[in-house]
Amino acid sequence: MCIRKCHGVIMDEDGEVLRDEKFENSLAGVREFFKGFKHADVVMESSYSWRPTYERFEEIGFEAKLAHPKGTRAIAESEIKTDSIDARTLTHLLRAGLVHESYVPSEEVRQLRDKVRLRTKLVRERTKFKNKIWAELEKNRVNMEKNPFTKKGKEKLRELNISSVDHYLAVLETIDERIKMVSKELEGIAEDREDARLLMTIPGISHFSALLILSEIGEIDRFPDPEKTMFLRWVSS
């Protein structure tokens with residue numbers, strides 16, 4: 001797993017090991033590891049931290065394959081596990097053309113996913129702080145019959161002079177502002193995309209929902225089975 005350091009193996013076409021060592025998981029570290037090699041087919045193990053390393057390979061001009069965990073059973077089930085052995089096994093799978101790839105969306109799709117998921121995370125954080133405020137009201141035996149998060153409701157919350165509620169409310173309002181900023185940006189992106197505008201003709205599909213669908217689907221041409229792309233073709237028709 002690459003976080004600060006990675007373990008890499010370079011083999012020639014005959015399987016002879018040319019390099020087997022750790023390297024810094026940085027652009028400079030990746031460049032140094034591949035120093036002397038103008039071209040290389042690259043495969044890397046899938047992990048939660050795959051993206052920075054993958055993008056560094058892109059930056060130096062190497063196209064990498066991201067090995068799907070289901071296709072690396074030989075590594076997972078190995079009785080003797082070291083970074084070197086795992087890297088060699090993965091490299092042999094690449095040489096044999098046996099790497100089962102995970103889908104890697106384009107840079108454009110990755111950036112869109114980041115924006116969409118950021119809004120989702122902010123909304124979740126907002127919900128957390130709303131729940132914290134409810135908990136403080138319950139603890140202080142305050143009964144709010146109406147929604148305390150409207151403009152008038154917030155005024156009543158401040159009138160309670162409960163320190164914890166005031167702090168949580170300040171954080172909540174900051175998150176609200178950030179959600180508005182991200183939402184406005186997403187609305188602009190959706191309006192500029194024909195596929196998003198088509199999705200928004202479906203009742204209940206908002207700017208955010210349209211971009212959520214598109215970002216999670218990624219490139220439509222990655223679905224080879226017509227039966228699995230029926231919905232996608234209907235959307236884009």
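The table that follows gives values for the structure above.
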read-out: Residue 66 vs. criteria in contact with a helix residue (DSSP H, G or I) (Cβ under 7 Å, 6 or more places away or on another chain) and more than 27 Å from residue 220 (Cβ to Cβ); value: no
read-out: Wholly enclosed helices (runs of 4 or more DSSP H) of the stretch 65-141 bearing at least 3 residues in contact with an Asp or Glu (Cβ under 9 Å, 6 or more places away or on another chain) and over 30 Å from residue 162 (Cβ atoms); value: 83-95, 107-139
read-out: Tabulated pairs, the stretch 1-21, first under 23 Å from residue 51 (Cβ atoms), second crowded, with 18+ Cβ neighbours inside 10 Å and among the basic types (Lys, Arg), C-beta under 8 angstrom, 6+ apart or interchain; value: 9/88
read-out: Condition broken by residue 123, with the remaining ones in (1) farther than 18 Å from residue 68 by Cβ; (2) exposed (fewer than 13 other Cβ atoms within 10 Å of the Cβ) satisfied; value: (2)
read-out: Residue within the stretch 130-144 that is of a type in the set (Gly, Ala, Ser) and surrounded by 14 or more Cβ atoms within 10 Å (Cβ to Cβ) present; value: no
read-out: Any hit, the stretch 25-45, residues being in contact with a Lys or Arg (Cβ under 9 Å, 6 or more places away or on another chain), more than 30 Å from residue 214 (Cα to Cα), outside the structural domain of residue 218 (by TED's automatic domain parsing) and in contact (Cβ under 8 Å) with a residue 40 or more places away in the chain; value: no
read-out: Selection count where residues are in contact with a His (Cβ under 9 Å, 6 or more places away or on another chain) and among the β-branched types (Val, Ile, Thr), scope the stretch 167-190; value: 1
read-out: Verdict on residue 162 being among the hydrophobic types (A, V, I, L, M, F, W, C), assigned by TED's automatic domain parsing to the domain that holds residue 133 and at pLDDT below 95; value: no
read-out: Criterion: under 30 Å from residue 53 (Cα atoms), without any contact (Cβ under 8 Å) to a residue 24 or more places away in the chain and surrounded by 13 or more Cβ atoms within 10 Å (Cβ to Cβ) - qualifying residue of 217, 189; value: 217
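Residue-by-condition table, conditions (1) under 23 Å from residue 144 (Cβ atoms); (2) β-branched (Val, Ile, Thr); (3) not in a helix (DSSP H, G or I):
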{"site": "164", "(1), (2), (3)": "yes, no, no"}
{"site": "168", "(1), (2), (3)": "yes, no, no"}
{"site": "175", "(1), (2), (3)": "yes, yes, no"}
{"site": "203", "(1), (2), (3)": "no, no, yes"}
{"site": "210", "(1), (2), (3)": "no, no, no"}
{"site": "224", "(1), (2), (3)": "no, no, yes"}
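The values are calculated or read from the model by the stated rules, or taken from the named source; none is laboratory data. From a predicted model like this one, the values you see are computed outputs, not experimental measurements. With ideal geometry, Cβ positions are generated from the backbone for all residues, glycine too; neighbour counts draw on all protein chains shown.
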